[in-house]
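The values are calculated or read from the model by the stated rules, or taken from the named source; none is laboratory data. Because the structure is predicted, anything quoted here is derived from the model rather than measured. Don't worry about glycine lacking a Cβ; one is built from the backbone with ideal geometry, like all the others, and counts go over all protein chains shown.
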Amino acid sequence: MRRRPPRAPEAEIPEKLYFGIGEASRIARVPPHVLRFWESAIPQIAPQRTPSGRRRYTRRDLERILLLKELLYRKRYTLEGARRALREGPAEADPERREATGLLEEIRAELLALRRLLEDGPPAEEAPRPGGETPPAKFC
């Protein structure tokens, strides 16, 4: 049986505005050539360039790189699958979050239907009943 390597602790991104490729590779724990490859293969990984042509990564770039690394190395996505997951957003990148998002959308639709019901009043079949009985009172 193959043993999985121990999981590295969550990478901590220092409080800085910009990072060079060497520093970005140390934070992400991947060689610089991997970052350059990801930059060419994944449109969402696009560091700015300085006037001299050096790459300048922002905190957001590093967060995307760490997410991409997790998708490729830990969750075993293909490069195309990771590209699609990054394009669609974080909720689509994780199946559990996708399921939770679906449930939340269903709950929201039901709550909106209840709200419309409360705002519009009871449907026609719940109008005053024959014999003088009144429907139950609304509490709003």
When segment 64-79 is examined, which residues are found to be in a helix (DSSP H, G or I), more than 15 Å from ARG36 (Cα to Cα) and of a type outside the set (Lys, Arg)? LEU67, GLU70, LEU71, LEU72, TYR73
Residue that is buried (at least 18 other Cβ atoms within 10 Å of the Cβ) and touching a strand residue (DSSP E or B) at 6+ places or on another chain (Cβ under 7 Å), where the choices are ARG55, ARG49: ARG55
From the residues in segment 33-46 that are surrounded by fewer than 14 Cβ atoms within 10 Å (Cβ to Cβ) and touching a residue at least 40 places away in the same chain (Cβ under 8 Å), which one is nearest to ARG98 (Cα to Cα)? PRO43
Scan VAL30, VAL34 and give me the residue that is aliphatic (A, V, I, L, M), part of a loop (DSSP other than H, G, I, E, B) and modelled with pLDDT of 90 or more. VAL30
Given the residues ARG116, ARG108, ARG76, which is the only one that is at positive phi and free of Cβ contacts under 8 Å to residues at least 60 places away in the same chain? ARG76
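Yes/no per residue for (1) closer than 24 Å to ARG84 by Cβ; (2) among the basic types (Lys, Arg); (3) in contact with a helix residue (DSSP H, G or I) (Cβ under 6 Å, 6 or more places away or on another chain):
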position	(1), (2), (3)
ARG26	no, yes, no
ARG36	yes, yes, no
GLU39	yes, no, no
ARG49	no, yes, no
SER52	no, no, no
LEU67	yes, no, no
